[in-house]
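Structure, as structure tokens:
The values are calculated or read from the model by the stated rules, or taken from the named source; none is laboratory data. Owing to the predicted nature of the structure, the values given are computational and were not obtained by experimental measurement. Quick reminder, even Gly has a Cβ in these numbers, built from the backbone with ideal geometry, and neighbours come from all protein chains shown. Side chains included, ligands, DNA and RNA excluded: accessible areas come from the protein's heavy atoms. Shrake-Rupley method; radii C 1.70, N 1.55, O 1.52, S 1.80 Å.
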Amino acid sequence: MTTQRVVVLGAGSAGEHFVGALRRRDPDVEIVIAEQGLAGGECSYYACLPTKTLLRSTEALAAARIAPGAAEAVTGEIDLERVLWWRDQVTDARDDSWHAGWLEDQGARLVRGSARVVRPGIVSVGDEEISYDQLVVATGSHPAVPPLEGIEAVDFWTNREAIWASSLPGSLVVLGGGPVGVELAQFFCRMGVDVTLAESNEHLLARLDPDAGTLLAERLEQDGIRVLVRTEARRVEPSATGVRLELASGDLLEAERLLVATGRRPRVHELGLEQLGVETTKRGVVVDDRLCAADGVWAIGDAAGIGLLTHLGKYQARVAAANIAGHEAHADYRAIPAAVFTDPQVASVGVLDGDGIVSARYEITGGRLSTYERPRRPGFVKVAADAERRVLVGAVAVGPEAGEWLGQLTLAIRAQVPLDVLLDTIQPYPTFSEAIFNAVLELDQRL
């Protein structure tokens, strides 16, 4: 029997995870993986890992300042050089040798260069043409730059430049109040930068629950960030001190730097995929629930257009690998968790509204919060259930490390755990997880 060759376009998180998943399924399959940038991808060097590392130092210092006893021990200022040292340690200073070595250990051949489909069954990577039996598109995404008048004349930042800045600007305008915008706005503010955050929608984190975005805005303002919502940018131009942003209202914002954080776009165009009968949209490659885009063509991660989350891409990698290895696997997107690593964290999963859905909110004002900080900064848990089936379908949590205690809600939604079982579950005291019981109790009273 002839061993098939699988070619993967992209050695980021999804592509790497696919290699490991497929190798576990099939020890003999030939795997070639092409990457034009760094093996390990955006998450490892320009997004998830460096951002959360940068945020951790400022978060720990802010937490100490509201912990009586510890607050009195805090002296001096945060050390930028050491903060950046930690970032460099986590990212191997953008050296992808570890990732390249791991791929080699998995028996995958890493080919560096820009890849494109030449014709069905053949891709080119640089000057090399490589045949394939199965093609996996895992090309990720890149920062979206809005068609803002004058933007081409301004030396603006995206997440890539902001994360790898070696010095701090005196002032910063952040355009976009999504996860990237709010995280980096808080980091730079806590590092002493004068920050203005401008969002065009009604509230920050526009795709999440409005209550979460409103509460986060209040906290960011308490940090010293000027938060503007329902704010449209009209044009931007260089100024004597940096950049000048003109708003639709006619007001002007001036700062030393402009950070554009207005979303991301999948890297799926100009790959030659149209030759394979693959449909692409502005969201990415159109796939079925097996992650199949066409005969012998698969897409995972940001390229698949379902969601721009590293852990979602890894899940899709496992589903695609199972199908390519001859098994039957289907993606289930009912419980996709997400966490925004601001202080407080904002974590969400599933949906909160729709026909037959009932929700309830529980305010976190005591319990673990009483032992965590002074003054207490309240958070909340909101849960939603299908009233007829009495199972959870969505949740959002705002509070310290909310992404950690969202896990049981994610499992409850995915496994369709009956509400009565959740009410009969013992939550440890005092923990933030106890708020989940109280939220579910509130919900039960509304059903």
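Considering only protein heavy atoms and a probe of 1.4 Å, how much of the accessible area of the range 26-107 is carbon and sulfur, as a whole percent?
Values: 2140 of 4240 Å².
Accessible surface attributable to carbon and sulfur in the range 26-107 totals 50 percent.
How big is the range 353-440 on each of its three principal axes, counting only the C-alpha atoms and giving the largest first in Å?
Extents along the principal axes: 41, 24, 18 Å.
Compute the separation of the alpha-carbon centres of the range 119-151 and the range 206-246 and state it in Å as a whole number.
One Cα centre to the other: 33 Å.
Enter the Cα centre distance for the pair the range 5-33 and the range 347-378, rounded to the nearest angstrom.
So the two Cα centres are separated by 40 Å.
Would you mind checking the radius of gyration and Dmax of the range 181-333 based on alpha-carbon positions, in Å?
Computed over the Cα atoms of the range 181-333, radius of gyration and Dmax are 20.5, 62 Å.
So how far apart, in nm, are the two label points at residue 254 and residue 286 if each is 7 Å from Cα heading toward Cβ?
For residue 254 paired with residue 286, the spin-label model returns 5.0 nm.
Cβ neighbours within 10 Å, averaged per peptide: list 86-94, 345-353 in order, most packed at the top.
By packing density, highest mean first, the sequence is 345-353, 86-94.
In terms of Cα to Cα distance under 30 Å, which lysines are near enough to residue 282, apart from those fewer than 8 places away along the same chain?
Candidates past the 8-residue exclusion: 52, 314.
Multiplying the sequence separation of residue 388 and residue 235 by 0.36 nm and subtracting their Cα-Cα distance, what value in nm do you get? List each step's numbers first, then the result.
On the way: separation 153, 0.36 × 153 = 55.08 nm, distance 5.01 nm.
Contour length minus the Cα-Cα distance gives 50.1 nm.
How large is log10 I(q)/I(0) at q = 0.15, 0.21, 0.22, 0.27 Å⁻¹ when the Debye formula is applied to the Cα atoms of the range 189-256, each weighted equally and without solvent?
Log10 of I(q)/I(0), two decimals: -0.54, -0.94, -0.99, -1.16.
Quick one: accessible area per residue over the range 203-333, 1.4 Å probe, rounded to a whole number of Å²?
Accessible surface, normalised per residue, equals 47 Å².
Using a Förster distance of 41 angstrom, determine the FRET efficiency expected from the C-beta separation of residue 333 and residue 94, and round it to 0.05.
Numbers: r = 33 Å, r/R0 = 0.79.
FRET efficiency, residue 333 to residue 94: 0.80.
Per-residue counts of other Cβ atoms within 10 Å, averaged by peptide: what ranking do you get for 230-241, 256-267, 32-43, 191-202, highest first?
32-43, 256-267, 191-202, 230-241
Which three numbers, in whole Å and largest first, are the semi-axes of the equivalent ellipsoid of the chain derived from its Cα gyration tensor as √(5λ)?
They are 37, 30, 21 Å, listed largest first.
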